[in-house]
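Just below is one structure, and these are the notes that go with it.
The values are calculated or read from the model by the stated rules, or taken from the named source; none is laboratory data. All values derive from a computational prediction rather than experimental measurement. Reconstructed Cβ throughout: ideal geometry from the backbone, glycine too, with neighbour counts over all protein chains shown.
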Amino acid sequence: PLLDRINPKKYLIYSQMLQGLLLLGIPLLHIIDHLTLSLLLLIMFIASLLNQMIYPIQLSLLPKILNENQLIDGNAYFSIAYQSSDALFNALAGIVITAFGLFSIYVIDSVTFLINGVMFIFLSRQIYLINRHKTVEKSGYLKMHFQTLCSGLALWKGKLFFPY
């Protein structure tokens, strides 16, 4: 439900920029000797939380960008690119950490997030307008969100998960 009520382009831009700044803060805090474990965990929690919506948003945009006859191939290519880049960059991260140290990976990671944020700025206006018409008052939105959440949780009580 939340995915249908946010502007995907704005979320992609702001979340990437914010993640880049958060991750850049880790080596900076280390340099000035203010990095603590609790602060590191908090920064990583916020960055991970922001990143949770990226993949679903990107998947939800595919049907809006591609024609219906291109959608199956587009989904396949997207999944291949996502999994391949994940494996490749995990391997490269190990090499970078070994060669340059742990905090260098945070600098590189933050730069890639900032580059992604800038690239998302240039997404077409058509993507910007998606979900723009679905504005709901805050009180109505919260009520609708909790109703949807409750109906989703009702699945746990049903015979789907507990057949006996």
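So here's what we get for this one:
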quantity: Which listed residue, of Leu22, Leu12, is surrounded by 14 or more Cβ atoms within 10 Å (Cβ to Cβ), part of a helix (DSSP H, G or I) and at pLDDT below 95; calculated: Leu12
quantity: Residues that are without any contact (Cβ under 8 Å) to a residue 12 or more places away in the chain, closer than 24 Å to Lys9 by Cβ and outside any helix (DSSP H, G or I), drawn from segment 27-74; calculated: Gln52, Leu66, Asn67
quantity: From the options Asn51, Asn67, Asn90, residue that is loosely packed, with under 11 Cβ neighbours inside 10 Å, closer than 22 Å to Phe103 by Cβ and modelled with pLDDT under 95; calculated: Asn90
quantity: Single match in Phe122, Phe113, Phe89 (criterion: in the same structural domain as Asn7 (by TED's automatic domain parsing), without any contact (Cβ under 8 Å) to a residue 24 or more places away in the chain and under 23 Å from Ile6 (Cα atoms)); calculated: Phe122
quantity: Condition met for His34 (more than 13 Å from the chain's Cα centre (by Cα) and surrounded by 14 or more Cβ atoms within 10 Å (Cβ to Cβ)); calculated: no
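A quick yes/no check of all residues on (1) among the aromatic types (Phe, Trp, Tyr); (2) assigned by TED's automatic domain parsing to the domain that holds Ile108; (3) within 18 Å of Met119 (Cβ to Cβ):
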position	(1), (2), (3)
Asn7	no, yes, yes
Ser15	no, yes, yes
Ile26	no, yes, no
Phe45	yes, yes, no
Gln52	no, yes, no
Pro56	no, yes, no
